[in-house]
Amino acid sequence: MRLAQNYSCTPARTCKVIATCEEARWYLQNCPWGGKLDRDKDGHPCESGPC
């Protein structure tokens, strides 16, 4: 498991390249582009990907 300090908002990522739900949630909460990971705006990122 990767630690949060290894995540970075640069470059922006898509659900296709995000490996875990933990990672997707970190991007959703911490990156300006993170909202794009939650298409239906229900608070759950990458539902068609790793989550």
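From the helices alone, meaning DSSP H stretches of at least four residues, give me the mean residue ellipticity at 222 nm for the chain, per-run term -39500 (n - 2.57), in deg cm²/dmol to the nearest 500. Can you show the working numbers first?
Details: 1 runs with 10 residues, N = 51.
When only DSSP H runs of four or more count, the value is -6000 deg cm²/dmol.
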- Report the calculated FRET efficiency for E47 and A12 (r = Cβ-Cβ distance, R0 = 25 Å), to the nearest 0.05. 0.85
- Task: Report ³J(HN,Hα) in whole Hz for each residue of the range 34-51, in order, from the Karplus equation J = 6.51 cos²θ - 1.76 cosθ + 1.60 where θ = phi - 60°; Gly and Pro get x.
- Result: x, x, 5, 7, 10, 4, 8, 6, 9, x, 10, x, 6, 5, 8, x, x, 9
- Once Lys and Arg get +1 and Asp and Glu get -1 on their Cβ, which of G35, C9, P50 lies farthest toward the positive end of the dipole of the chain? C9
- Each residue of the range 16-22 in order: what ³J(HN,Hα) in whole Hz does its phi give by Karplus 6.51 cos²θ - 1.76 cosθ + 1.60, θ = phi - 60°, with x for Gly and Pro? 5, 10, 7, 8, 9, 5, 4
- Task: Kindly put W33, W26 in sequence by how many other C-beta atoms sit within 10 Å of each C-beta, fewest to most.
- Result: W33, W26
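The numbers here are math on the coordinates, done by the rules we state, and not lab data. The structure presented is a predicted model; accordingly, all values stated were derived computationally and were not measured. Reconstructed Cβ throughout: ideal geometry from the backbone, glycine too, with neighbour counts over all protein chains shown.
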